[in-house]
Amino acid sequence: MTGGQLADVLEGRVADPDWLADAVDRVARDPDAVAALFPAAGRRCGRGPLPDEALGRDAGPDAAPDPVGWTVDDAARVLLLTALPLHGTALAGQVDALYRYGSADEKRAVLRALPLLDLGSAGVDILHDALRTNDTRLVAAAVGPYARHLDDRMWRQAVLKCVFMEIPLTAVADLDRRADGELGRMLGDLADERRAAGRTIPADAGILLALIGDLPPAGGDGTADRTDEREGKAG
Amino acid sequence: MRIFDPHIHMTSRTTDDYERMAAAGVRALVEPAFWLGQPRTNAGSFTDYFDALIGWEPFRAAQFGIRHHCTIGLNPKEANDPRCREVLGLLPRYLAKDGVVAVGELGYDSMTPEEDEVFAAQLAMAVAHELPALVHTPHRDKQRGTLRTLDVVKESGIAPGMVVVDHLNEVTVGSVAGSGCWMGFSIYPGTKMSPDRMAAVLREYGPERMLVNSAADWGRSDPLLTLATGQAMLAAGFTDDEVDRVLWRNPVEFYGQSGRLDLSPTDGQDAAFAGNSLARGGN
């Protein structure tokens, strides 16, 4: 996705479009202005959900409430970042500072912007930070397309963490391509541990495990509907 | 009874408290930045704390259907430590945030020249960011400290309606009532107000510009004393509408002046995941 496509998605959905147009213009002229405009985007543009279709995502049947879904403020903030007239270490420094001092919503927007910025792998430390948190919104945003910069060991841990936190695996970019035997082993061990405790793993993890591991597909042993899982929790 | 606790330190409270508060009718709260009991010795220690107030703590609260906001500031006790002074330069970053609805807690602890300076500087930041200010009154020498607080507020040029002077009691309420500032009362066992005394103060001064909070923190305190105060008001003959004004509409009006209150429903329990009462992963 590009800044232009984001602007199209936001068309007609922003509470104060003049503010956003002016903010993008100011950031393009004065990159330091982003420090005050970035946090204000939520209250000026709104925080409602954006339709998944508009973003080219297939939401699936159980999309809401979904930590994967984009909101208006996410897209507005990403638009501000794509307007920064910076490159290389200057861009990385500005993005680091916005993440470092960001609220959870701002941090999520930075994570979502990473694959759209000319950063190379310079933003990977931000992903590591997000994956250390226990905030579902940040972890979900950290396993998007930019996670291609995570090494395999860290990427598998990130996927496993999504399973633990019941973040839908639709959040994980490149899952089909990257899921390997070692991830299958880790999911299988988790399913064994859960079974010993009289518990199950989420349905989408069960399907993934069936594709790359030894267990049968959803509906068989080791898998369960997410609602049943919640109701049956040990507390 | 719907309750907005305008002053409570959830960082110091357990998840059980969130559950009990939600069951008691608490739907929104403000957590002021304050002294953590253990003195901090550097600015980074503050920024990590501020990050929790705009990151983890709102996330935790939302799982119980409670909207969490905060105030950001350098408290007077730590304003006396030169190692912490650097925090002042970092405050503007945080005062721009969505969930930050006031500057605070400000005010006096020991009434030193350093406290004077930091208090005035932060009131100026409140004016610059168009935010209300939460000013507490000192534990010691309270009457004198309250009067001096009102003088500093007046000199700063901030509109009195943008200021709440907190931790008041029967002795200090009168001077604040005449100042145009909002009056905050902490219903806190032992050292501050009780529900019945609060009802009596409301009877005498009326509900206008009155805020009632639990100020629950790491001390012996109780996050449900807002509810107990509502019940004491009803027992004392106040109407449901008067209780709603004091426990909900007043804090919404005061902190709403920031333009940043978000009282929309949270995803609530939908964010709580299997196997844990709190989504946290990795265990």
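Could we say that B:R2 is touching a helix residue (DSSP H, G or I) at 6+ places or on another chain (Cβ under 9 Å), surrounded by fewer than 23 Cβ atoms within 10 Å (Cβ to Cβ), closer than 19 Å to B:V100 by Cα and of a type in the set (K, R) here?
Working: touching a helix residue (DSSP H, G or I) at 6+ places or on another chain (Cβ under 9 Å): yes; surrounded by fewer than 23 Cβ atoms within 10 Å (Cβ to Cβ): yes; closer than 19 Å to B:V100 by Cα: no; of a type in the set (K, R): yes.
No, not satisfied.
Against the condition modelled with pLDDT under 95, buried (at least 18 other Cβ atoms within 10 Å of the Cβ) and under 24 Å from A:A92 (Cα atoms), how does A:T200 come out, does it pass?
Details: modelled with pLDDT under 95: yes; buried (at least 18 other Cβ atoms within 10 Å of the Cβ): yes; under 24 Å from A:A92 (Cα atoms): no.
So A:T200 does not fit the description; no.
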- request: For the stretch A:105-112, indicate whether the set of residues that are within 24 Å of A:D125 (Cβ to Cβ), more than 15 Å from the chain's Cα centre (by Cα), in a helix (DSSP H, G or I) and modelled with pLDDT of 95 or more is non-empty.
  value: no
- line: A:A122 vs (1) under 26 Å from A:L6 (Cα atoms); (2) outside any helix (DSSP H, G or I); (3) at pLDDT below 95: all pass except (3)
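Yes/no matrix, rows are residues, columns are (1) small (G, A, S); (2) in the same structural domain as A:H87 (by TED's automatic domain parsing); (3) crowded, with 16+ Cβ neighbours inside 10 Å:
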position	(1), (2), (3)
A:A7	yes, yes, yes
A:E11	no, yes, no
A:V14	no, yes, yes
A:D25	no, yes, no
A:R29	no, yes, no
A:A36	yes, yes, no
A:P39	no, yes, yes
A:G42	yes, yes, yes
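Of the residues that make up the stretch A:173-192, is at least one part of a strand (DSSP E or B) and at negative phi?
no
Against the definition (away from chain A (no Cβ under 14 Å), touching a Phe, Trp or Tyr at 6+ places or on another chain (Cβ under 9 Å), in a loop (DSSP other than H, G, I, E, B) and surrounded by fewer than 21 Cβ atoms within 10 Å (Cβ to Cβ)), how does B:D116 come out, yes or no? Show your work before the answer.
Details: away from chain A (no Cβ under 14 Å): yes; touching a Phe, Trp or Tyr at 6+ places or on another chain (Cβ under 9 Å): yes; in a loop (DSSP other than H, G, I, E, B): no; surrounded by fewer than 21 Cβ atoms within 10 Å (Cβ to Cβ): yes.
Considered against the rule, which asks whether it is away from chain A (no Cβ under 14 Å), touching a Phe, Trp or Tyr at 6+ places or on another chain (Cβ under 9 Å), in a loop (DSSP other than H, G, I, E, B) and surrounded by fewer than 21 Cβ atoms within 10 Å (Cβ to Cβ), B:D116 comes out as no.
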task: Give A:A141, A:A90 a once-over and let me know the one that is at negative phi, of a type in the set (A, V, I, L, M) and either part of a loop (DSSP other than H, G, I, E, B) or crowded, with 24+ Cβ neighbours inside 10 Å (or both).
output: A:A141
Members of the stretch B:88-113 found to be closer than 21 Å to B:L168 by Cβ and either aromatic (F, W, Y) or within 14 Å of chain A (Cβ to nearest Cβ) (or both), listed by number: B:V101, B:Y108
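So if I check each of A:D118, A:D135, which one is free of Cβ contacts under 8 Å to residues at least 60 places away in the same chain, surrounded by fewer than 20 Cβ atoms within 10 Å (Cβ to Cβ) and either at negative phi or not polar (S, T, N, Q) (or both)?
Matching residue, one of A:D118, A:D135: A:D118.
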query: Only one of (1) surrounded by 15 or more Cβ atoms within 10 Å (Cβ to Cβ); (2) under 27 Å from A:V124 (Cβ atoms); (3) at pLDDT 95 or above; (4) more than 11 Å from chain B (Cβ to nearest Cβ) fails for A:D73. Which number is that?
result: (4)
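The values are calculated or read from the model by the stated rules, or taken from the named source; none is laboratory data. As the structure is a prediction and not an experimental result, all values here were calculated from the model. Neighbour counts are summed over all protein chains in view; Cβ atoms, including those assigned to glycine, are modelled from backbone coordinates with ideal geometry.
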